[in-house]
1. Can you grab the distance from the C-alpha centre of region 123-186 to the C-alpha centre of region 224-249, Å, no decimals?
2. Want the number for residue 47 to residue 25: 0.36 nm per residue separation, take away the alpha-carbon distance, what's left?
3. Among (1) 0.98; (2) 0.91; (3) 1.06, find the value of Cα Rg over 2.2 N^0.38 Å that was calculated from the structure presented, and write down its label.
4. By per-residue mean of other Cβ atoms within 10 Å, what is the highest-first order of 76-83, 203-210, 49-56?
5. Full extension from residue 297 to residue 59: what is 0.36 nm times the residue separation minus their Cα-Cα distance, to one decimal in nm?
6. In region 5-307, what percentage of the DSSP-assigned beta bridges are antiparallel, given to the nearest 5?
7. Applying 1/(1 + (r/R0)^6) with R0 = 25 Å to the Cβ-Cβ distance of residue 169 and residue 272, what FRET efficiency is obtained, to the nearest 0.05?
8. Using a Förster distance of 41 angstrom, determine the FRET efficiency expected from the C-beta separation of residue 265 and residue 16, and round it to 0.05.
Amino acid sequence: MPLDPQIVAVMETVAALGLPANHLVSPEEARANGRARPKAPGAAVAQVIDRTIPGPDGELPVRIYTPEGAGPFPGLAWFHGGGWVVGDLDSADSAARNLCAGADCVVVSVDYRLAPETKFPGPAEDCYDATQWLAANAAALNVDPGRIAVGGDSAGGNLAAAVSLMSRDRGGCSLAFQLLVYPVTERDVDNGSYRDNADGYQLTRDGMIWYWDHYLADAADAANPYAAPLQAADLSGLPPALVLTAEYDPLRDEGEAYAAALQAAGVPTECIRYDGLIHGFFGMFAAVDQARQAVAHSAAALREAFSAVPV
C-alpha cells in the first residue's frame, strides 16, 4: 500500500531539520544529530530513577521505570535502537515509559556501550549482564523474578534476540518473552526489502552498511548468532516472541525471516507487518495512529506473556 499520510507528514518534518544522513558524518556527529530530533513525551509512570549497575567492563548506566501500583511487577530489560552507534537513555525514554505504563511492568532501559568505540560483542554482553542483574536484583526492584522479558527496537531488537540466545545457551535467567521491534537479524543488504527500500525512507541501505561496519570487529562476526541471530543453528527453547516489521523498511524481510525461523523451531511467535509505515515508527506514536496501535499491541502482548507465567 502507499505510505501512510501520517508517516509522510513525519518524514517531511524530519527532512525540514536538514540533518545529514548518519553514514555521511562521524559517529559523534550522528549522535548529536539524533539528540536534535524531536521526541514525543511518553506516558506518565510512578517513578523514574537513573543509576549505574555493574557491567562487563565497568559501571553501566540504566534508567529504571516503575508503574503505579503495589507490585511485585513483571520486569522488562529494554535496549534502544540506533544501529549500535547512536541512541541513549533519552532516545529510549518514550518507549520505556509507554511499555512501563501499558504493560504494567518495571522497565530497565540500558545505556549499553556504543560502537565503534565498543564493537561486538561488547554491546551484547552489556545487555546480557543488565538482564541478569535485573533478575538477580528483582526483589529490590519490586519485580517478580519469574516474569522477566527483553525487548528493543532495531539494533535494540537485535540485542534482545541475542540476549535471549545468550541466556538460553549460558543457563541465565528464564525469560518470559522477547519483544522485537523491526529487529536487525542478519547482515544481508541485498535481500528483497533492501532492494525495495534502499533509499528514501529514512533508514537506508548505505546507512545499515555503515552501522554494520562500525559494529563488527571482523567480517567473520556476521556469522555469529549473537551478532546476527538468524545465523543460529538452533532457535528452540527461546522465549515466546512478538516481531513487528514495517512495509517500507530495509529490515522488513530479515525480521519476518527470523519470526518464521522461530515458529519453525516451535517458539510461539506472532509477526505483524505494518503496511504503509517506515523504520522507526514505534517512536512516532504521537503523530501516527498505526504506531500507537503497535505500542498498545506490544504492551498487551507483554501483559499476556507475563500473565501466562505461573505465580
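1. What the calculation gives is 13 Å, centre to centre.
2. 4.2 nm
3. (2)
4. 76-83, 203-210, 49-56
5. Going from the current span to full extension adds 82.3 nm.
6. So the antiparallel bridges amount to about 30 percent of the total.
7. Efficiency, from the Cβ-Cβ distance: 0.35.
8. Computed FRET efficiency for residue 265 and residue 16 comes out at 0.35.
Since every read-out is calculated from the coordinates, none of them should be taken as a lab result. Being a predicted model, the structure only gives us computed values, none of them experimental. Methodologically, a virtual Cβ is constructed for each residue, glycine included, from the backbone with ideal geometry; neighbour enumeration extends over all protein chains shown.
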